[in-house]
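Okay, structure first, notes after.
What follows is calculated from the coordinates using simple rules that are stated; it is not laboratory data. These figures come from a predicted structure and were not determined experimentally. Here the Cβ positions follow ideal geometry from the backbone for every residue, glycine too, while neighbour counts run over all protein chains shown.
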Amino acid sequence: DAGVTQSPTHLIKTRGQHVTLRCSPISGHKSVSWYQQVLGQGPQFIFQYYEKEERGRGNFPDRFSARQFPNYSSELNVNALLLGDSALYLCASSFRTLGGGPAETQYFGPGTRLLVL
Amino acid sequence: AQSVTQPDIHITVSEGASLELRCNYSYGATPYLFWYVQSPGQGLQLLLKYFSGDTLVQGIKGFEAEFKRSQSSFNLRKPSVHWSDAAEYFCAVGQAGTALIFGKGTTLSVSS
């Protein structure tokens with residue numbers, strides 16, 4: 001079975017530009033979360049989507065936005081890029097049920113490495 | 001505030017020796033607990049998880065972890081380390097419908 005896939009794998013942008021990152025969850029998984037991992041740190045939560053609705057948002061500026069499509073894939077958009085946005089962006093999927101438990105386990109993709117110059 | 005602390009930034013272990021990576025958390029209720037491993041330039045791979053029940057959980061690659069509620073800890077152990085275990089290890093906590101909170105990670109080096 002295919003795991004979580006992300007595209008592109010690497011990206012170089014300049015300050016002020018816009019970027020779109022894409023994620024396809026594991027088949028059958030309905031929840032997608034996005035995390036930012038800067039060098040030397042643990043991942044930081046950006047967004048969570050479940051059944052196409054935003055279910056959680058981390059402490060990130062409004063320049064960051066996301067959406068989930070009917071097939072449960074997701075896009076993360078970042079506007080007006082800053083040097084500090086350079087990071088590994090990780091997508092995670094989970095089956096997620098209202099009852100919680102092991103269905104909450106998040107499985108991560110390989111990430112998109114974004115470099116802002 | 002909810003947080004995860006991994007006190008050891010970098011640990012070096014000889015190949016074949018035992019390993020213990022520490023994780024302490026601060027959370028309002030008993031959280032779900034996870035250990036992930038990340039090889040250089042890669043995403044996160046789930047090693048093991050705890051939701052409820054037996055406080056000693058087994059994972060992949062011979063890893064295990066023990067949940068100690070009284071100490072708010074979830075330490076990761078392996079009886080005999082292999083060179084391929086060199087990587088960065090992250091402890092994470094969460095609950096149903098919430099985001100994972102990660103520690104800053106522990107880098108494991110394995111010497112021959």
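Listed values, structure above:
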{"item": "Trypsin sites (Lys or Arg not before Pro) restricted to DSSP loop in the stretch B:21-99 with at most 14 other C-beta within 10 Å", "result": "none"}
{"item": "Under 19 Å from the A:LYS13 label point (7 Å along Cα→beta-carbon), backbone N, the stretch A:54-86", "result": "A:58-69, A:74-86"}
{"item": "Cysteines not pairable in the protein assembly as shown (beta carbon separation under 4.7 Å absent)", "result": "none"}
{"item": "For the stretch A:107-116, 3J(HN,Hα) per residue [Karplus equation, 6.51 cos²θ - 1.76 cosθ + 1.60, θ = phi - 60°, Hz, x = Gly/Pro]", "result": "10, 9, x, x, x, 10, 8, 9, 10, 10"}
{"item": "3J(HN,Hα) from dihedral phi, the stretch B:67-78, Karplus parametrisation 6.51/-1.76/1.60, rounded to Hz, x for glycine, proline", "result": "8, 10, 4, 5, 9, 6, 10, 8, 7, 9, 9, 8"}
{"item": "Rule-of-thumb Rg ratio for the protein assembly as shown [Cα; 2.2 N^0.38 Å; N residues]", "result": "1.01"}
{"item": "Fraction in percent of alpha-carbon pairs per bin - 5 Å, the stretch B:25-103", "result": "3, 14, 27, 25, 17, 9, 4, 0"}
{"item": "Relative contact order, percent, chain A [alpha-carbon distance under 8 Å, six or more residues apart]", "result": "36"}
{"item": "Built amide H within the under 5 Å cut-off of B:LEU48, gap 5+", "result": "B:TRP35"}
{"item": "Residue-span extension gain [B:ALA17 to B:ALA96] - 0.36 nm each, minus C-alpha spacing", "result": "24.8 nm"}
{"item": "Listed residue pairs exceeding 29 Å between alpha carbons, taken from B:LYS78/B:LYS104; A:LYS52/B:LYS61; A:LYS13/B:LYS61", "result": "A:LYS52/B:LYS61; A:LYS13/B:LYS61"}
